[in-house]
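Taken together, the values in this text are just the output of simple stated rules run on the coordinates, not laboratory data. The model shown is predicted, which means the values in this text are computed figures rather than measured ones. Backbone-built Cβ (ideal geometry, glycine too); neighbour counts: all protein chains shown.
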């Protein structure tokens, strides 16, 4: 069975600095998708970034980028120039079985950005 | 604007009562999902549906029931058989038809408290 592990329950970072959130996963599949979701205190979950496993290039969305290491089954999220609005729970998620596979979520990392 | 609407946002229930949480989407998505979120547990899948009049159990379906009579609607009933129903419930939807890589769109959630 696939599993997703986020080993950092809580993290904090100073405003304008860079922080990296860790995520590892376990799967025997070769074709899958990985996601980072953000849940701010207002509670609505939104997609931050996604990565297709067949793509070697790491995904980037503005200040957010990933370090995807397929062999190591690692999918970390780097947030550059952290802003107060980045304060949230961050969930790593895995989706196998093609585009219709259900998402499996990690337990989350609570990130606090301090002024 | 397209999106997912969950209601009510807050709900209180006495032990032994069934309650139904509403989830409506106007995104024309085929698949809909119910997740339960507890502190430190991440998101756990309760039920999902990929087509009208059909649904499947997720990882923690015991004590819950769903229906999918319309594409837009996927209500969740928390029955008296659910032993620990106090939690935050998230509804999500997903477009299975396009080349989309499986992004989930979430509602704002419903907080259920059993008194």
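Both the radius of gyration and Dmax for segment A:1-89 are 13.3, 39 Å, in that order, over alpha-carbon atoms.
Among B:105, B:88, the ranking by other beta carbons within 10 Å of each residue's beta carbon, starting with the fewest, stands as B:88, B:105. Label sites at residue B:14 and residue A:8, each approximated as a point 7 angstrom past Cα along Cα to Cβ, lie 4.8 nm apart. Hey, quick one: spin label on residue B:80, modelled 7 Å out along Cα-Cβ, who in segment B:14-35 has an amide N within reach, i.e. under 15 Å? The answer is B:14-20. Over the Cα atoms of chain B, the radius of gyration divided by the Kirkwood radius equals 0.96; this is the Rg/Rh ratio.
For segment B:45-101, the normalised intensity computed at q = 0.20, 0.21, 0.26 Å⁻¹ comes to -0.79, -0.85, -1.17 (log10 of I(q)/I(0), Debye sum over alpha carbons, equal scatterers, no solvent). Taking the convex hull of the alpha carbon positions in the protein assembly as shown and averaging its projected area over all directions gives 12.8 nm². A viscosity of 1.567 mPa s and a temperature of 4 °C, combined with the Kirkwood radius over C-alpha pairs in the Stokes-Einstein formula, give segment A:47-115 a diffusion coefficient of 97 µm²/s.
Counting other Cβ atoms within 10 Å as a rough exposure proxy, the listed residues A:52, A:17, B:15, B:72 run B:15, A:17, A:52, B:72 from fewest neighbours to most. Between residue A:26 and residue A:78, the contour length at 0.36 nm per residue exceeds the alpha carbon distance by 16.6 nm.
Radius of gyration over Kirkwood radius for segment A:35-83, both on Cα atoms: the Rg/Rh ratio is 1.00.
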